[in-house]
Amino acid sequence: MISLVIGGMANGAIYGLVALGIVLIFRTTGVVNFAQSEFLMAGAYAYLLVSLVQSNSLVQLVIVAAVGVALGMVFFLVIRYLFKQAEELQVLIATLAMSIILLNLARVVFTDTPSRVSGWVFGDRTVAIGSSIVTVNSLLVLAGGLTVAFVIHFWLRFTDTGRAMRAVAENRQHAALSGIPVSRMLAISWILGGIMAALGGLLLAPAVGVYPNVGQDVLFKGFVAATLGGFDSVFGAMVGGVLLGVIEVLGVVFVGGDVKDVISFGVLLLVLLARPTGLLGRMAVRRT
Amino acid sequence: MWASRRISAVVAVAATLLIAACGGQSTNQGSSTLGPGVTKDQITIGLQVDLTGGGSLVGQGTKYGVEMAVAEINKHGGVNGRKINLVIEDAASTPDGGVLAVRKLAQQDNVFAIFGGSISSSTVSALTFIRSGDVPYYASIPSDPRVLNPFSKLIFEGAALPQTTVVPDEVDFLTKTLGGKNIALMVSSDAYAIAAKGLIVPEIEKRGVKVATVQTFNAGDTDFTGQIAAIKKANPDVMMTIALPADGARVLVQARRAGINIPMVGDSAQADNQTIRLAGTVSEGYYTFWFSSPQFIDDRTGEMGKWRDAFAAQFPNPPTGVPNQWTLQSYADVYVVAEALKKCGSTVTRDNFVKQLETLKDYVGGKPGSSFSYAHPIGLPRTFTATDHQGSRLLVPVVIKNGEFKAVT
């Protein structure tokens, strides 16, 4: 049972990282980023490629994060300046289009055939917890995801930049009138979202391989996690993700593997019916 | 005025009907009769193949095998002086994609015949359309029993062994060779895997052996924590996974890391270097089954070595994982199709093509007796009759040793 729960929580931490990025970007910019999955894919490929030439874990981490920064920045510039006058729906479709472009570019360059990569820092080691055997990578994913969620949560609450980002999320016009550099806050949101997803790719890749669809396979789980946790709550995104991961694993054991997604989305519907703002959300999020 | 308009309209309608009626018919050109998709210079063959999606490893491998054989044939003047014009449609590894690909090949591209290079999931959905039409369909890759059942004069199966043929041999291996008494199954949602599950479970039970548990997962799933926990709880002595290589490799890795140390077997789809590449050293001792050729694909000696060299010369930068077993299968099967076309002589019609395929016995392109002596004889023999369109029946158990597939001794 221990390995089941840990495994479920580790999967959920990946969903939570994806959800974190989605929520961060949405809260501040109002954009639902459908390309979050391709940010994760890019992080996975960056890890694969850099691990071929560089064994230093810190360097690997920095390069993966840099890819997340670069993608986040590109998307910020495209959305902020090229789609400045666009309606919300048009921007959403633009992120979807960019997602498809990135996915298909990856297919052309790398094909759909998965590649193998070892676990970051700890390789493919396993550890016994009681009578259960778990991979160290799973524990790393769980610890890493929760740490990131805590750090982001406290950063948003207790730092000047974090508070400024929350102000922009609440009301962009008022924030601008208060002297907050709105564009910079938007850029930071995109960059942080990119980093979250890229790190997710680095942590997920050793478990499942690296292939163009690697992010797509978790994107909707990320949205479910974000919705479960409350679309305005960074901490809720991670809680939602971990909860979803555990529900999935238990669903597989007690119901069956081929209805895993039915269970996940069924739980989502039930939560939305009982608590429309999500488990930790406070209010319906609507951009002003 | 009105009468002349009416006459014109009738003439126009009659002309349209006449043209439509002639569209799918053979044409007589001098002493030869040519079917749709055939001209004096070329024969158009459609290739339905999964270039994208979860079956793309299979599809890319197949495409390269077909292209290699077609290039060789065309370089040597084609079939009876007609070059093969290959039209490729991506079935995208989905049922809808399979239907769309086959429809386009048959109705828009007007091919003479279709070479089925897709996995079962994107083939089975298209079979109803095939059976209702008149385009011959030569399936090289899909192993779902529904390909040949119900029987259709139009549909042939080359390299791929239907599950009905394969399952008894696989279960013999599980129960007799490995001595399994309590067997766990891990089955993906791919169409062929579901078909196999429906056959394997009763076959195991028929031998008085217990099925410890059957766990399922969606193709493309990446976490099997729940399923593996259930399998451990069932305490099997042998475990078999029925899935494509990427899924099978993930299951293998996660099962071994979770402490499942019993003999593990993959179905024949996993007899691919991708299994070794994705699972790494964990793949040592993993069993699977091979039916693509007399030699293993990584054997660099003899005819396989020559074929590998020729492939590398023609395709210096193939995608990762290519060539693979599906490259071998499709390469060999293109020559089977070409031999039947050759035997059509001057009557290159669909009916005659089907009839000529049914005359092939123990055929291997490149072997003595084959019209294509320049082909590399790396395929297993194909035999068809008027009532049996399954070309191949041979299955060999293999095991991964020192990073390579070896025959089980």
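The values are calculated or read from the model by the stated rules, or taken from the named source; none is laboratory data. Remember, predicted model here, so these are calculated numbers, not experimental data. Positions of Cβ are backbone-derived with ideal geometry, glycine not excepted, and every protein chain shown enters the neighbour counts.
Assorted remarks:
- Tallying residues that are over 21 Å from B:Y335 (Cα atoms) and modelled with pLDDT of 90 or more within the range B:149-164 yields 4.
- Of the residues making up the range A:211-228, those that are farther than 12 Å from A:V18 by Cβ, in contact (Cβ under 8 Å) with a residue 60 or more places away in the chain and crowded, with 24+ Cβ neighbours inside 10 Å number 2.
- So A:S132, is it surrounded by 16 or more Cβ atoms within 10 Å (Cβ to Cβ), farther than 19 Å from A:L40 by Cβ, facing chain B (nearest Cβ under 10 Å) and of a type outside the set (V, I, T): yes
- Condition met for A:G201 (within 14 Å of chain B (Cβ to nearest Cβ), in contact (Cβ under 8 Å) with a residue 60 or more places away in the chain, surrounded by 20 or more Cβ atoms within 10 Å (Cβ to Cβ) and touching a helix residue (DSSP H, G or I) at 6+ places or on another chain (Cβ under 9 Å)): yes
- Residue match in the range A:174-197 (condition: surrounded by fewer than 23 Cβ atoms within 10 Å (Cβ to Cβ), of a type outside the set (K, R), more than 26 Å from A:A65 (Cα to Cα) and within 12 Å of chain B (Cβ to nearest Cβ)): no
- Of the set (1) away from chain B (no Cβ under 14 Å); (2) over 30 Å from B:R256 (Cα atoms); (3) among the hydrophobic types (A, V, I, L, M, F, W, C), all apply to A:W120 but (2).
- Lone qualifier among B:A212, B:A196 - being crowded, with 24+ Cβ neighbours inside 10 Å and either more than 14 Å from chain A (Cβ to nearest Cβ) or closer than 21 Å to B:R382 by Cα (or both): B:A196
- Scan of the range B:370-390 for residues that are within 13 Å of B:A340 (Cα to Cα) and not hydroxyl-bearing (S, T, Y), ordered by number: B:F372, B:R382, B:F384
- Every residue from the range B:327-382 that is within 16 Å of B:H76 (Cβ to Cβ) and in a helix (DSSP H, G or I): B:Y331, B:V334, B:Y335, B:V337, B:A338, B:E339, B:L341, B:K342
- Residues satisfying the stated conditions in the range B:347-376, i.e. free of Cβ contacts under 8 Å to residues at least 60 places away in the same chain and of a type in the set (K, R): B:K355, B:K361, B:K367
- Any hit, the range B:200-209, residues being in a strand (DSSP E or B), surrounded by fewer than 23 Cβ atoms within 10 Å (Cβ to Cβ), away from chain A (no Cβ under 14 Å) and at pLDDT 95 or above: no
- Subset of the range B:247-281 (residues that are more than 17 Å from A:V210 (Cβ to Cβ), in a helix (DSSP H, G or I) and facing chain A (nearest Cβ under 10 Å)): B:R256, B:R257, B:T281
- Boolean, B:T327 is polar (S, T, N, Q), farther than 26 Å from B:L178 by Cβ and away from chain A (no Cβ under 11 Å): yes
- Failed criterion for A:G123 (all others in (1) surrounded by fewer than 20 Cβ atoms within 10 Å (Cβ to Cβ); (2) within 20 Å of B:V58 (Cα to Cα) hold): (2)
- Residue in the range B:294-312 that is basic (K, R) and in contact with a helix residue (DSSP H, G or I) (Cβ under 8 Å, 6 or more places away or on another chain) present: yes
- Counted residues, the range B:371-394 - those being surrounded by 19 or more Cβ atoms within 10 Å (Cβ to Cβ) and small (G, A, S): 4
- A:M9 within 14 Å of chain B (Cβ to nearest Cβ), buried (at least 17 other Cβ atoms within 10 Å of the Cβ) and not acidic (D, E): yes
- Counted residues, the range B:177-193 - those being among the small types (G, A, S), part of a helix (DSSP H, G or I) and crowded, with 24+ Cβ neighbours inside 10 Å: 1
- Those residues of the range A:203-228 which are aromatic (F, W, Y) and in contact with a strand residue (DSSP E or B) (Cβ under 8 Å, 6 or more places away or on another chain), in sequence order: A:Y211
- Residue within the range B:161-171 that is under 26 Å from the mean Cα position of the chain (by Cα) and within 14 Å of another protein chain (Cβ to nearest Cβ) present: no
- If only residues of the range B:308-327 that are hydrophobic (A, V, I, L, M, F, W, C) and closer than 19 Å to B:A271 by Cα are counted, the one that is farthest from the chain's Cα centre (by Cα) is B:V322.
- The residue of the range A:151-173 that is surrounded by the most Cβ atoms within 10 Å (Cβ to Cβ), among those that are free of Cβ contacts under 8 Å to residues at least 24 places away in the same chain and under 19 Å from A:L17 (Cβ atoms), is A:G162.
- Residue in the range B:309-319 that is of a type outside the set (F, W, Y) and closer than 25 Å to B:L161 by Cα present: no
- Every pair of residues 6+ apart whose Cβ atoms lie under 7 Å, when the first sits in the range B:223-236 and is more than 7 Å from chain A (Cβ to nearest Cβ) while the second is in a loop (DSSP other than H, G, I, E, B): B:I228/B:A258; B:I228/B:I260; B:I231/B:I260; B:K232/B:A258; B:K232/B:I260; B:P236/B:I262
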